[in-house]
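Student: To start, I am sharing the structure in question, which I have written as structure tokens.
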Amino acid sequence: MAVRGAAAVVAAALGLTGCLGGAPPLGSVIDRAPVELVGTPFHPQTALQCGPAALATVLEDSGVRGAGPEALSDRLFLPERGGSLQAEMLATARHHGRVPVRLAGNMQAIADALAGGDPVLVLQNLGTPWTPVWHYAVVVALRPDAETVILRSGRERRRHEPAADFMRSWSLAGRWAFVAAPPERIPAFADVRGWLTAAAPAESAGQLDLALAAYEAAVARWPEAALAHAARGNALHARGDVTAARAAWRAALERDPDLKAVRDNLAATADGSPEPTGGM
């Protein structure tokens, strides 16, 4: 999507290169040993195609086959925008059977994801706040010893980017980042609310198999989480399995009797009615 040379020219002209020189050292903001996900695939970016290339990288790493940049481009690339929108990146990940889990906007979150084996897709602004140059890349390593972030970026398989420069460009893009997880494998860093939030759009889009698999994984990982059981009940009901849905909702209420929407759903389906009255 971005021409790195053009961004560098703009930044230099405005005196902004390295403007985060006061950023804390990388080693002071993460608490994990350096790790590089050397097996992460690499798809070189063609002109304006950083979105498809970056998404293909994390999808292939997660086990998706046949979703190379060319296959993704028709769905992702918007000629009138000269790139790919964030919402479409997330929706396309779900279309390919993955749960896109957003990260907290800090380097520790990236370190935690990498430690769990998940490369991190990030949005950067290589320009300025008023002349943005948007670019998607994939973080595969943090190197506190060298104050470096290693990315699959553009045509570089291992771009070594100074941590301060990365923090600047990532911050100018709202510190937006996600990992693409198979629904049955919850990333180690995820909490129950974050995972359910990531999976819920699949249910809303009618991707019930994906949503249900994610909710069942949540129940397995957090068996005492009432919201996980409630979400599973909702997806089961949407698939037409009222009996199983009611069992899941009862499990939710056993853990949290104050979930009024779940109690309403049970009441609404007590006579076999297919229509619940509310969500989680």
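The values are calculated or read from the model by the stated rules, or taken from the named source; none is laboratory data. Please read all numbers here as calculations on a predicted model, not as lab measurements. Quick reminder, even Gly has a Cβ in these numbers, built from the backbone with ideal geometry, and neighbours come from all protein chains shown. Only protein heavy atoms, including side chains, enter the accessible area calculation; ligands, DNA and RNA are left aside. Shrake-Rupley method; radii C 1.70, N 1.55, O 1.52, S 1.80 Å.
Student: Please give the helix 192-204 orientation as an angle from the longest Cα principal axis of the chain, in degrees from 0 to 90, rounded to the nearest 10.
Tutor: 80 degrees
Student: Next question. Using alpha carbons only, how many angstrom separate the centre of region 80-129 from the centre of region 237-265?
Tutor: Using only Cα atoms to place each centre, the spacing works out to 33 Å.
Student: Could you tell me how many degrees, from 0 to 90 and to the nearest 10, lie between the Cα long axis of helix 4-13 and the main elongation axis, the longest principal axis, of the Cα atoms of the chain?
Tutor: 70 degrees
Student: Going toward the positive end of the dipole of region 176-280, with +1 on Lys and Arg Cβ and -1 on Asp and Glu Cβ, which of 245, 218, 208 do you reach last?
Tutor: My answer, from the dipole projection, is 218.
Student: Could you compute the FRET efficiency for residue 221 and residue 155, with r as their C-beta to C-beta distance and R0 at 35 Å, rounded to 0.05?
Tutor: 0.35
Student: Now a separate question. Which one, 269, 40, 92, has the greatest fluctuation when you compute a Gaussian network model over the chain with C-alpha springs under 10 angstrom?
Tutor: Result for the chain, Cα springs under 10 Å: 269 fluctuates most.
Student: Would you work out what percent of the accessible area of region 128-274, with all protein chains in place, is carbon or sulfur (probe 1.4 Å)? Intermediate values should be presented prior to the final figure.
Tutor: On the way: 3310 of 6340 Å².
So the carbon and sulfur contribution to the accessible surface is 52 percent.
Student: Another one. Counting only residues 5 or more places away or on other chains, whose amide H sits under 5 Å from the amide H of residue 140 once H atoms are built in the peptide plane?
Tutor: Under 5 Å from the amide H of residue 140: 150, 151, 152.
Student: Something else about it: Counting each DSSP H run of 4 or more residues in the chain as -39500 (n - 2.57), what helix-only mean residue ellipticity at 222 nm follows after dividing by all residues, to the nearest 500 deg cm²/dmol? Could the numbers behind the result be given before it?
Tutor: Values: 12 runs with 125 residues, N = 280.
Dividing the helical sum by the residues of the chain leaves -13500 deg cm²/dmol.
Student: Report the local net charge at residue 191: Lys and Arg +1, Asp and Glu -1, summed over other residues whose C-beta lies under 14 Å from its C-beta.
Tutor: Values: positive: 102, 193, 221; negative: 112, 224.
Around residue 191, the surrounding residues sum to +1.
Student: Separate question: Given the peptides 135-147, 234-246, arrange them by the average over their residues of other C-beta atoms within 10 Å, most packed first.
Tutor: Numbers: 135-147: 21.9, 234-246: 18.3.
Peptide ranking by packing, descending: 135-147, 234-246.
Student: Let me ask another. What is the packing order of peptides 164-176, 247-259, taking the mean over residues of other C-beta atoms within 10 Å and listing the highest first?
Tutor: Values: 164-176: 19.8, 247-259: 17.2.
My ranking of the peptides, most packed first, is 164-176, 247-259.
Student: Please calculate how many Å² of accessible area the chain carries per residue, with a 1.4 Å probe and no DNA, RNA or ligand atoms counted. Don't jump to the answer; show the numbers that get you there.
Tutor: Details: 12270 Å² over 280 residues.
Per residue, the chain has 44 Å² of solvent-accessible surface.
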